[in-house]
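Computed from the coordinates by the stated procedures, all read-outs in this text should not be read as laboratory data. What you see is a predicted model, and the numbers here were worked out from it, not measured in a lab. Quick reminder, even Gly has a Cβ in these numbers, built from the backbone with ideal geometry, and neighbours come from all protein chains shown.
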Amino acid sequence: MTGFRGSEYLAESVDSWAGFRGELGRTVLNRRFCGGVTPQQKRFFWASFAYAFVINAEVLSLFKQPNGLITMKCVLTQVMLVMGIGLLAGCTGEQGGEGPIVPPPPAPAEYADMHMPEAWWADAQKLEEGRKLFLGEANPDVNCASCHGKDGKPVKAGATDFRNPERMKLYSDSVWFWRIAEGVPNTKMKGWKSKLSDDDRWKLVLYERSFGLSGKMWSVEKQQWVDAGAK
């Protein structure tokens, strides 16, 4: 096989490789290999990818032929090694890390005026029914904990961390209900309105609220979370 200058060719190949060029290539890679990753995991991946090229430069020298050339087979082996390191770091990094805390989109008109029945905020029975739904004990087709974790700590990348009060206080009860009903576009969170009645969705809102906003209720008048019992 005809040889070539290893370092120069490798740099040009990586620079022009469409799969690693631009946000589109990065998005495709993230979704195909990691099944949707968080911003923190993306940073893990790209940092390790760049770092791997630097620390493995020495490896390439081991493949040099007497004339100073490196075979295509050796370079491809190195590229695969770097990809493996990057994917490992990107896909097995710490779960969570949803990015900056920003308000979610407002609920569409059909959901904007829907609110938790006021008496439910302090209803222990409804809370318990919500817990069973969340854990998959009440409906075999619904198991929120499989992504969001039994204690509200996500076990799958991209799942909302219900334990974070700074994030969750930005969700009105209407938005929360809407998200459960219709899902979240461009994520793995699908809509559950075909599997859950309106009452069951409100029970889930009630239980999920308990992780980060325990003792709180949504005030329609003040348009914010307040202590339960306050108006």
So between Lys153 and Val184, what do we pick up on full extension, going 0.36 nm a residue minus the alpha carbon distance? 9.3 nm
Net +/- balance of residues flanking Pro117 in space, Cβ distance below 11 Å, scoring K and R +1, D and E -1: -3
Fewest to most neighbouring Cβ within 10 Å: what's the order for Glu208, Glu137? Glu137, Glu208
Fraction in percent of alpha-carbon pairs per bin - 5 Å, segment 109-227: 2, 12, 23, 27, 22, 11, 3, 0
Test of understanding: what is the full-extension gain from Asn139 to Glu118, defined as 0.36 nm times their sequence separation minus their Cα-Cα distance? 5.1 nm
Put a dot 7 Å past each Cα toward the Cβ at Glu128 and Asp227; how far apart are the dots in nm? 2.7 nm
Please tell me which of these pairs span more than 23 angstrom C-alpha to C-alpha: Lys150/Lys190; Lys150/Lys203; Lys132/Lys193; Lys190/Lys222; Lys188/Lys216? Lys190/Lys222; Lys188/Lys216
Sort Ser172, Ser214 so that the residue with the fewest other Cβ atoms within 10 Å of its own Cβ comes first and the one with the most comes last. Ser214, Ser172
